[in-house]
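Visitor: Here it is, the structure in full.
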Amino acid sequence: MAFSREFCRDENSENTGSIKKLILHRRKIVLMKNAKKVLITGVAGFIGSNLAEKLLRVQSVRFKVIGIDNLAYGVKEQIPSGVEFHQLDIRSKDIYPLFEKVDTVFHLAAKNCISDCQADPVETSDINVTGTINVFEAAKKAEVRKVVYAESSALYEGICVFPTPETEVKPESFYAVSKWASMYFAKAYEAFYNLRLTALRYFNVYGPRQDYRRTIPPVMSAFIIKLLNKERPIIYGTGNKRRDFIHVDDVNDFHILAMNDDRTDGKVYNLGCGKNYSVREIYDIIRGFLKTEIEPEYRNDLPGEAEITLADITEAKKLGWSPKIDIYTGIRDMIEWIQINVVEKNLV
Ligand SMILES: NC(=O)c1ccc[n+]([C@@H]2O[C@H](COP(=O)([O-])OP(=O)(O)OC[C@H]3O[C@@H](n4cnc5c(N)ncnc54)[C@H](O)[C@@H]3O)[C@@H](O)[C@H]2O)c1
């Protein structure tokens, strides 16, 4: 540093600019060396890309974000700049070296479109069970401090207790069963290898970058895109199914909390709003914002989907977290995002 100060004294020196650049560059290297390393699987997907962006924006701590995705469903363009990206499959041993010196792993990669999972139980198990175990194994080998991983409200498919607490589990679809199987592997990794794990059961997450490309896209993005294009959206079933919707930014607030709060070790948390809306109500909210009278097309119900989801979020609230984004604000912002980033770019 003495070297730098001496040179900076002469503001008019022609070397000043390049010396300043050198100092800034060195500072950046020092900061990056001290940065907390986190690894996100599924970083090119909806929740993973939003989480990466949020971590890179945190002011109080500098994060180095390593991202893994095989781009089976995710899109490279939506990985925020600043992420060290590796196009790899979570089932491969090639991921192991990336876990060295990682503080926290967020394991989000999965095959998660319910109808795709129903059509291919073997691949569902391969990715969601074997892939998840491989991530736990990589974390164990590298002595990662903490793993936060994605389960799902699909674990409550057969339950009739509403709001549903974390203790009630009855998976039915292949997707839900794959999450259930990995839950037991997580318990075994905790018991035998002391791996510190936190499981998150997201309800219906929505927000910017929600995956609209999948075979049956999630209702929010599906309705918004069709209505913006003046087409008739499809409702599977009667439209009376009720869902607990949670904004991705609220979910990612909890990710950051779980990373830092030891009380979450070995625990599982529901992440929803504790309030639900019917699919038709969501349709009408979106229609209201877009000032259109277009009616949906009703088709046969899809197998493997629960009639009602409603989260009991008492456990998550005990930690001081609560959802902040109301459904109207969330939907309004999502319409704007899809208009600019999807429809105007002719991506659909
Ligand atoms: N979005 C929701 O409403 C919701 C609800 C409940 C649970 N979840 C869970 O949250 C997690 C993230 O969900 P999302 O909505 O961001 O999904 P997403 O499909 O947008 O992202 C998942 C990412 O994982 C990647 N991936 C899939 N298989 C892979 C493999 N073998 N190797 C490496 N990468 C692979 C995909 O390419 C994709 O980018 C998933 O585990 C999902 O099951 C999501």
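Every number in this text was worked out from the coordinates using simple rules, so none of it is lab data. Note that this is a predicted model, so its numbers are computed, not measured. Neighbour counts are summed over all protein chains in view; Cβ atoms, including those assigned to glycine, are modelled from backbone coordinates with ideal geometry.
Visitor: Would you mind ranking Ser125, Ser153 by Cβ crowding within 10 Å, fewest neighbours first?
Guide: Ser125, Ser153
Visitor: Which residues in the range 313-348 place their backbone N less than 20 Å from a point set 7 Å from the Cα of Asn229 along the Cα-to-Cβ direction?
Guide: Backbone N within reach: 334-348.
Visitor: About the Cα centre of the chain, how large is the charge dipole given +1 on each Lys and Arg Cβ and -1 on each Asp and Glu Cβ? Please answer in debye to the nearest 20. Before the final figure, lay out each step's value.
Guide: Details: 49 positive and 47 negative charges, 238 e Å.
About 1140 debye.
Visitor: How many nm separate the modelled label positions at Arg62 and Val348, each set 7 Å beyond the Cα in the direction of the Cβ?
Guide: Label-label distance for Arg62 and Val348, simple model: 4.0 nm.
Visitor: Across the Cα atoms of the chain, what radius of gyration and what greatest pairwise Cα-Cα distance (Dmax) are found, in Å?
Guide: Here Rg and the maximum Cα pair distance are 22.1, 76 Å.
Visitor: Another question, then. Pull up all non-local amide H partners of Val205: gap of 5 or more, or a different chain, and H-to-H distance under 5 Å with H placed in the peptide plane.
Guide: Amide H neighbours of Val205: Ile246.
Visitor: Calculate one ³J(HN,Hα) per residue across the range 149-156 by plugging θ = phi - 60° into the Karplus curve 6.51 cos²θ - 1.76 cosθ + 1.60, and present them in order as whole Hz with x for glycine and proline.
Guide: Each residue's phi maps through the Karplus curve to give 9, 8, 9, 6, 5, 4, 5, 9 Hz.
Visitor: Can you sort Leu98, Leu51, Leu290 from fewest to most other Cβ atoms within 10 Å of each residue's own Cβ?
Guide: Ranking Leu98, Leu51, Leu290 by Cβ neighbours within 10 Å, fewest first, gives Leu290, Leu98, Leu51.
Visitor: Run the numbers for Gln87 and Ala191: contour at 0.36 nm per residue of separation, minus the present Cα-Cα distance, in nm.
Guide: Contour length minus Cα-Cα distance gives 34.3 nm.
Visitor: Let me ask something else. Roughly speaking, what is the stretch gain from Asp301 to Thr215, that is 0.36 nm per residue apart minus the C-alpha to C-alpha distance, in nm to one decimal? Please list the in-between numbers first.
Guide: On the way: separation 86, 0.36 × 86 = 30.96 nm, distance 1.48 nm.
Length difference between fully extended and current span is 29.5 nm.
Visitor: Each residue of the range 182-191 in turn: what ³J(HN,Hα) in whole Hz from Karplus with 6.51, -1.76, 1.60 and θ = phi - 60°, glycine and Pro shown as x?
Guide: After applying 6.51 cos²θ - 1.76 cosθ + 1.60, I find 5, 4, 6, 5, 4, 4, 5, 5, 5, 5 Hz.
Visitor: Right, something else. Lysines within cross-link reach of Lys20: Cα-Cα under 19 Å, excluding same-chain residues under 8 positions apart?
Guide: Within reach: Lys28.
Visitor: Determine which residues of the range 46-87 fall in the zone a paramagnetic label at Trp337 would reach in this model, i.e. backbone nitrogen under 13 Å from the point 7 Å along Cα→Cβ.
Guide: What the label zone holds, given the 13 Å backbone N cut-off, is 46-54, 78-80.
Visitor: Same structure, new question: Using amide H atoms built in the peptide plane, which far-off residues or other-chain residues are under 5 Å from Gly67 H to H?
Guide: Ile40, Glu84, Phe85, His86
Visitor: Counting each DSSP H run of 4 or more residues in the chain as -39500 (n - 2.57), what helix-only mean residue ellipticity at 222 nm follows after dividing by all residues, to the nearest 500 deg cm²/dmol?
Guide: -11500 deg cm²/dmol
Visitor: While we're looking at this one, here's another question. For the range 87-122 and the range 127-185, compute the distance between their C-alpha centroids and round to whole Å.
Guide: Taking the Cα centre of each part, the range 87-122 and the range 127-185 sit 13 Å apart.
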